[in-house]
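Working notes, structure below.
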Amino acid sequence: MRYSIFIVTALVCLCSCKKEVNLNLDDAGPHIVIEGAVTDAAGPYTVKINMSVNFKAENTFPPVSGGRVKISDNEGHSDSLIETSPGVYMTQTMTGKPGNTYMLSVQLGDTLYTAASTMPFPVPFDSITFRRAGAFGKKNIRAVPNFQDPPGVKNYYLFNEYLNGVLVTKDIFVFNDRLTDGKYITRDLRNTDDILHEGDSLEIAMYCIDEPIFNYFNQLDQSGGGGGAFNSAAAPANPVSNISNGALGYFSAHTIRERRTKVHIE
């Protein structure tokens with residue numbers, strides 16, 4: 001998972017003239033980047049810890065070893081994670097359960113980073129259909145997940161698409177049910193409308209996430225981040241993290257429902 005800190009984009013449009021623009025991009029100090037999740041699928045679950053790099057550095061993010069990482073929940077379960085490779089920490093006994101709140105603690109030297117996330121209850125994922133989309137004669141194919149949104153509950157959804165087994169990383173697709181509460185949802189995913197072809201194998205993973213994680217990925221999407229959900233790539237700005245002490249990244253407790261089908265137009 002990749003981060004690029006304090007990226008500045010300048011677009012200057014002047015009619016019939018040119019102007020030289022000098023951008024002074026000061027180096028930003030390194031930040032801790034923590035990315036972790038607990039799901040309702042079988043573990044183990046992973047927490048990754050890296051250092052960010054400044055704007056002028058190459059996109060290589062040094063792993064952070066030697067941390068003391070623990071995940072606990074509101075039912076009294078606790079799991080001390082094992083570092084299986086540099087900067088990668090894995091649970092040993094934790095099992096994710098919808099409705100539970102999970103707490104992450106990461107001790108790095110004298111600094112403690114904490115986060116909490118509540119796992120929503122899952123929403124059944126009925127099916128994937130497809131429809132034609134596009135303008136100016138284009139006949140692109142767009143994937144459509146179909147599911148019933150539960151009435152009277154605030155729900156936040158996030159999607160990943162896997163085309164022929166490979167994660168599609170063009171966009172992050174996230175939305176809430178503020179305007180669709182209790183409705184049957186058939187909402188196009190914009191990720192693949194120009195790359196899907198009939199006969200392709202498409203898998204869609206639907207995540208039910210909590211509000212802070214929705215805000216995180218929504219900000220990342222709005223700022224131009226890519227990489228797909230939970231696989232975020234470079235972005236012009238760093239979204240607000242739910243991790244304390246100025247760390248970047250996220251800690252999410254979420255459910256996963258998946259469907260796979262061949263691309264077809266009925």
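Descriptive notes on the structure:
- At R0 = 35 Å, FRET efficiency that the Cβ-Cβ distance of V144 and M103 yields, to 0.05: 0.45
- Here T93 and E258 are evaluated by their C-beta separation; at R0 = 22 Å the FRET efficiency comes out at 0.35.
- Cα gyration tensor shape for the stretch 77-145, rounded if a/c is under 1.5, else prolate or oblate: prolate
Laboratory data are not the source of any read-out in this text; all were calculated from the coordinates shown. Computed from a predicted model, the values in this text were never measured in an experiment. All Cβ positions, even for glycine, are placed from backbone atoms using ideal geometry, and neighbour counts span all protein chains on display.
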